[in-house]
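A.B. asks: Right, I'll just put the structure down here and ask away after.
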There are 2 protein chains.
Amino acid sequence: MTENNGNSERPTARAGRPGQRKRADAQHGAKERPSTIRDVARKAGVSVATVSRTLAGNYPVSDEARARVMAAVASLHYVVNVHAKALSGQVAGPVALVIKDITGPSLAHVAAGVEQEAADRGRLSLVCATHDDATREDALVQLMREQHAAAVLLVGGVVPDAAYERRTIGYAKALDAAGSRLVLVGRPAPAPDLPVTVVDYDNRGGAFQATSHLLASGHRRVLFLGGETGLSSGDERRAGYRDALRAHGAGQAEELDTEGTYTRASGYARTRDAVRAGLDFTAVFAASDMVALGALAALREAGLDVPGDVSVVGFDDVPFATDLTPSLTTVRVPYEELGRTAVRLALERERSLGGEEHVVLGTQLVIRQSVRRVDW
Amino acid sequence: MTENNGNSERPTARAGRPGQRKRADAQHGAKERPSTIRDVARKAGVSVATVSRTLAGNYPVSDEARARVMAAVASLHYVVNVHAKALSGQVAGPVALVIKDITGPSLAHVAAGVEQEAADRGRLSLVCATHDDATREDALVQLMREQHAAAVLLVGGVVPDAAYERRTIGYAKALDAAGSRLVLVGRPAPAPDLPVTVVDYDNRGGAFQATSHLLASGHRRVLFLGGETGLSSGDERRAGYRDALRAHGAGQAEELDTEGTYTRASGYARTRDAVRAGLDFTAVFAASDMVALGALAALREAGLDVPGDVSVVGFDDVPFATDLTPSLTTVRVPYEELGRTAVRLALERERSLGGEEHVVLGTQLVIRQSVRRVDW
DNA sequence: CTGTGAACAGAAAACGTTTACTGCATCCAT
DNA sequence: ATGGATGCAGTAAACGTTTTCTGTTCACAG
């Protein structure tokens, strides 16, 4: 095997001059190479150091030199190259938002919060969609490591199984080693003592509020249109629903405690089936506004009035909740705040030590017109 | 004045060794510096060139060396530094989406299209919100120049006045000089022969379709809830409305041709006022679904049934259009396709010459339940 | 044996910045 | 006059890669 010569102090022999790019002739029609700090220095008749200092403004430069530099910068349309700047240590990494899909009404608000907070702190935001593909998520985390992202935000519901734990632990360690902070938004922490920030909201409490509102309005039999069992937010909301039933001494009817997906179609189908099966209920608590939308449609088709015959509460407070007929009583989730908080926490501890950090944001019941008080 | 010495061939004198960062002691609690290709080379007992070649896989490397490199990479958690890679010319720039606000239902879909197409082509997407602030837009374009973005997408409605033209021309030239491509999405090109790509959709044709549908359904007096005069999309849609009236030989009643903002509130107020003023109309064409939403609410409050008493058509086909009561007949705009096309066009001509390029995407009338045929 | 070519490894030059040193006037206090 | 600040400018190292040269080794044909 060839020995790797450890001697780094050899004379600078005049070796070949590789230089992978050649300066195009500018006349030739091909794109001109953008000008560099050296071009500016040459044109202004000063050294590159002076140009750099003029632009950074962190070191005294004579008015004469400054003026000539500025003129050269303007005439050459010079802009600093971030990569070079970053390499010499002067650029803070971007914030990366890794999300299932940006178009969902709630996720879009998380994204907006992230972008705002990042921009307020002078950072750029990268957004990447996973479309629920774990392989893609792996690839994106790896990519963000290369990008030296200051924070990597993994957003959105997840089934907290063994595979999730394993992957997330790997992410946390890998990102930490690369100087990035992993932030889980609306996801559970897979293990204690991981270098990770967790920002979540109170699914269980929100569901408790919603269900309690129905019970306090006199309803006794509340159809629950829950999300997938196994999905963290789904389980939490279900738990909140059951907490409320228990707390108010209402019976827990198994046939009213349904599960499905967070889609309009699922809400529609389950409500339709419940009505057809002749189930006895005077209220519906849908685990998301989309599900509530489906429920409203199914109830309307069945000739039932909302809130006249059946009261409905949703979860999320999507923007159009106020525009439905009737406007939807629902649980407001501070999505934008969620995004802002995630970025804030990650960047605040950017240069400090690892370790866990956990924040849970509260939810708020928004009372509109889809619930009627019933008296017995 | 000091002469800038042009002679670059002087012997490499051993000058002071600045070195702005020192390698932390790793034990010390402070973040470890991420490992570099040199660390890997040292650990694997090979040269940096071999490590680079192993990872790039574009040059023969012995199995023995490859194995040792891979082992070192794994044990050091090495990831390549993009900035260094970019500096040596190996990284393609990101796609930058500069947008008023991501949370709007239509803009979110544009963003999703952009992200998808960019990801399909192995690019990252930066998103930045301007919140309609021209100063911020200027700053962002400048920033994207520094970032060496491959494409900068400026999205969304705009008042095409002199200031807009001046700024956009400046953007186009500056970005072109930096090797980036400016793409205007849903905005008019400010001048011919600019290095710019324009992707728009057929506002006028869509409005024509919508209005024609109402006229063909027997309606004669159509209240138009237009957008701001001066805003490009607003003027276009208004023109389409008038085209249709002319084409069908329907009279143009000035009091039915209103203008306002693209908001629910504006739609609500204008419809309420029209009803109160006793205006004679049997149909409403709202220049956006949000406006239609307001109109529906105002009509309902006035005790008018949709589509029984008044028919309504919107514009945009936002996701919830199908969930309204009645579901909304509207003009579908291919927002996602808009985003995809913008990225595709920009990247396809990435290395080719400047010059203009213009694409207009079609719209499609989606017939649902908010329009009733009337016979006389 | 010796010449030839293939396969593989290493040294070092870019890439474009920032900034630690060094150096040179100039000015002011002694 | 002299010594020390002070203000400003230039030189070149370092940041972490990629890739061009320049070997060196080795197999094999002549």
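The values are calculated or read from the model by the stated rules, or taken from the named source; none is laboratory data. Note that the structure is predicted; figures quoted are calculated from it, not measured. Here Cβ is always computed from backbone atoms with ideal geometry, including for glycine, and neighbour counts include all displayed protein chains. Calculation scope for accessible area: heavy atoms of the full protein, side chains included, ligands and nucleic acids excluded. Shrake-Rupley method; radii C 1.70, N 1.55, O 1.52, S 1.80 Å.
A.B. asks: Over chain B, calculate the relative contact order: mean separation of alpha carbon pairs under 8 Å at least 6 apart, over the residue count, as a percent. Mind showing how you got there, number by number?
C.D. replies: On the way: 689 pairs, mean separation 59.0, N = 376.
Over chain B, the number comes to 16 percent.
A.B. asks: Right, here's the next one. Kindly work out what percent of the DSSP beta bridges joining two residues of the protein assembly as shown are antiparallel, to the nearest 5.
C.D. replies: Values: 7 of 79 bridges.
Here the antiparallel bridges make up roughly 10 percent for the protein assembly as shown.
A.B. asks: Taking only Cα atoms, what is the 0 to 90° angle, nearest 10, from helix A:105-120's long axis to the longest principal axis of chain A?
C.D. replies: 30
A.B. asks: Using a ≥ b ≥ c from the Cα gyration tensor of region A:37-87 (square roots of the eigenvalues), is it rounded, prolate or oblate, where a/c under 1.5 gives rounded and otherwise the larger of a/b and b/c decides, a/b for prolate? Can you show the working numbers first?
C.D. replies: Numbers: a/c = 1.90, a/b = 1.25, b/c = 1.52.
The shape class here is oblate.
A.B. asks: Follow-up. Do the sum for chain A: with -39,500 (n - 2.57) for every DSSP H run of n ≥ 4, divided by all residues, what is the mean residue ellipticity at 222 nm, to the nearest 500 deg cm²/dmol? It would help to have the intermediate numbers written out before the result.
C.D. replies: Working: 12 runs with 152 residues, N = 376.
Counting only the DSSP helices, I get -12500 deg cm²/dmol.
A.B. asks: Let me see the pair-distance distribution of region A:239-307: every alpha carbon pair, 5 Å bin width, integer percents in order.
C.D. replies: 4, 16, 28, 24, 19, 8, 1
A.B. asks: Compute the long axis of helix A:232-247 from its Cα atoms, compare it with the longest principal axis of the Cα atoms of chain A, and write down the angle in degrees, 0 to 90, nearest 10.
C.D. replies: So the helix axis and the longest Cα principal axis differ by about 30 degrees.
A.B. asks: Ballpark to the nearest 100 Å², how much total accessible area do A and B bury together, probe 1.4 Å?
C.D. replies: 5600
A.B. asks: Probe radius 1.4 Å, ligands and nucleic acids ignored: give me the carbon and sulfur share of the accessible area of chain A as a rounded percent.
C.D. replies: Values: 8740 of 17500 Å².
Answer for chain A: carbon and sulfur cover 50 percent of the accessible area.
A.B. asks: Ordered by packing density, taken as the mean number of other Cβ atoms within 10 Å over each peptide's residues, highest first, how do A:127-135, B:259-267 rank?
C.D. replies: Working: A:127-135: 16.1, B:259-267: 20.6.
Ranking, from highest mean packing down: B:259-267, A:127-135.
A.B. asks: From zero up to wherever the largest Cα-Cα distance of chain A sits, split into 20 Å bins and tell me the percent of pairs in each.
C.D. replies: P(r) for chain A, in whole percents per bin: 24, 39, 23, 12, 2.
A.B. asks: Compute the relative contact order of region B:37-87 as a whole-number percentage, counting only Cα pairs closer than 8 Å that sit 6 or more residues apart in sequence. Display every interim value, and only then the final one.
C.D. replies: Working: 40 pairs, mean separation 18.6, N = 51.
It rounds to 36 percent for region B:37-87.
A.B. asks: When the convex hull of the C-alpha atoms of region A:165-268 is computed, what volume per residue in Å³ does it have?
C.D. replies: Values: hull volume 12.4 nm³, N = 104.
Once divided by residue count, the hull of region A:165-268 is 119 Å³.
A.B. asks: For A:102, A:367, write out the residues from largest to smallest accessible area, computed with a 1.4 angstrom probe and no ligands counted. Kindly include the intermediate steps, with their values, before the conclusion.
C.D. replies: Numbers: A:102 10, A:367 110 Å².
Order by accessible area, largest first: A:367, A:102.
A.B. asks: Here's something else I'd like to know. Return the single residue from B:136, B:246, B:53 with maximal mean-square fluctuation; model: Gaussian network over chain B, springs between Cα atoms under 10 Å.
C.D. replies: Of B:136, B:246, B:53, the Gaussian network model singles out B:53 as fluctuating most.
A.B. asks: I'd like the mean, over residues of B:126-136, of how many other protein chain beta carbons sit within 10 Å of each residue's own Cβ.
C.D. replies: Values: counts 6, 12, 5, 6, 1, 2, 0, 0, 0, 0, 1.
Average per residue, whole number: 3.
A.B. asks: Would you work out if the protein assembly as shown is rounded, prolate or oblate? Take a ≥ b ≥ c from the square roots of the eigenvalues of the alpha-carbon gyration tensor; rounded if a/c is under 1.5, else prolate when a/b is larger than b/c, oblate otherwise. Don't skip to the answer; put the middle values down first.
C.D. replies: Values: a/c = 2.68, a/b = 1.46, b/c = 1.84.
Oblate, since a/c reaches 1.5 and b/c is not below a/b.
A.B. asks: Provide a whole-number value for the mean count of partner chain Cβ atoms within 10 Å of the Cβ atoms in peptide B:108-118.
C.D. replies: Numbers: counts 10, 3, 1, 6, 7, 1, 2, 8, 4, 0, 2.
Across the residues of B:108-118, the mean count of other-chain Cβ atoms within 10 Å is 4.
A.B. asks: Divide the volume of the convex hull of the Cα atoms of region B:322-374 by its number of residues and quote the answer in cubic angstrom per residue. Walk me through the numbers before you get to the answer.
C.D. replies: On the way: hull volume 4.0 nm³, N = 53.
About 75 Å³ per residue, rounded to a whole number.
A.B. asks: Given the options B:177, B:74, B:302, which has the most mean-square fluctuation in a GNM of chain B, springs set between C-alpha atoms less than 10 angstrom apart?
C.D. replies: Among B:177, B:74, B:302, the largest GNM mean-square fluctuation belongs to B:74.
A.B. asks: A further question follows. Put the label 7 Å from Cα along Cα→Cβ for residue B:45; what are its distances to the other copies, in nanometres, shortest first?
C.D. replies: 5.9
A.B. asks: State which entries of A:100/B:100; B:100/B:173; A:173/B:43; A:43/B:85 exceed 24 angstrom in Cα-Cα distance in the structure shown. Numbers along the way, then the final one.
C.D. replies: Working: A:100/B:100 22 Å; B:100/B:173 22 Å; A:173/B:43 21 Å; A:43/B:85 28 Å.
Pairs exceeding 24 Å: A:43/B:85.
A.B. asks: When each copy gets a label point 7 Å from Cα toward the beta-carbon at residue B:138, what are the spacings between them in nm, shortest first?
C.D. replies: For residue B:138, the inter-copy label distances come out at 4.8 nm.
A.B. asks: Measuring from a point 7 Å out along Cα→Cβ, what nm distances, shortest first, does residue A:64 have to its partners in the other copies?
C.D. replies: Taking the point 7 Å beyond Cα along Cα→Cβ, the inter-copy spacings are 6.4 nm.
A.B. asks: What relative contact order, as a whole-number percentage, does region A:203-334 give when Cα pairs under 8 Å and 6 or more residues apart are counted?
C.D. replies: Details: 256 pairs, mean separation 33.6, N = 132.
Averaging sequence separation for qualifying contacts and normalising by length gives 25 percent for region A:203-334.
A.B. asks: Also, quick follow-up: Take every DSSP beta bridge whose two residues both sit in chain A, then give the antiparallel share in percent to the nearest 5.
C.D. replies: Of the beta bridges lying entirely in chain A, close to 10 percent run antiparallel.
A.B. asks: What is the mean number of Cβ atoms from other protein chains located within 10 Å of the Cβ atom of each residue in peptide B:317-327, rounded to a whole number? Could the numbers behind the result be given before it?
C.D. replies: Working: counts 0, 2, 7, 11, 1, 3, 9, 5, 6, 1, 1.
Mean inter-chain Cβ contacts per residue within 10 Å come to 4.
A.B. asks: Using only Cα atoms and rounding to the nearest 10 degrees, what angle (0 to 90) does helix B:134-146 make with the longest principal axis of chain B?
C.D. replies: Once rounded, the angle reads 30 degrees.
A.B. asks: A further question on this structure: Would you kindly give the portion of the calculated P(r) for region B:203-333 that falls above 26 Å, as a percent of all Cα pairs?
C.D. replies: Working: 750 of 8515 pairs.
The answer is 9 percent, as a whole percent.
A.B. asks: When chain B is modelled as a GNM with alpha-carbon springs shorter than 10 Å, which of B:62, B:232, B:327 fluctuates the most?
C.D. replies: Taking springs between Cα atoms under 10 Å, the residue moving most is B:62.
A.B. asks: Now for a separate question. How many angstrom lie between the Cα centre of region B:297-376 and the Cα centre of region A:68-94?
C.D. replies: Each part reduced to its Cα centre gives a spacing of 43 Å.
A.B. asks: Per residue, how much accessible area does the protein assembly as shown have with a 1.4 Å probe, in Å²? All intermediate terms of the calculation are to be shown ahead of the outcome.
C.D. replies: On the way: 34960 Å² over 752 residues.
Result: 46 Å² per residue.
A.B. asks: Taking 0.36 nm per residue of sequence separation and subtracting the Cα-Cα distance, how much length would be gained by fully extending the chain between residue B:348 and residue B:361, in nm to one decimal?
C.D. replies: Working: separation 13, 0.36 × 13 = 4.68 nm, distance 1.80 nm.
Value of the extension gain: 2.9 nm.
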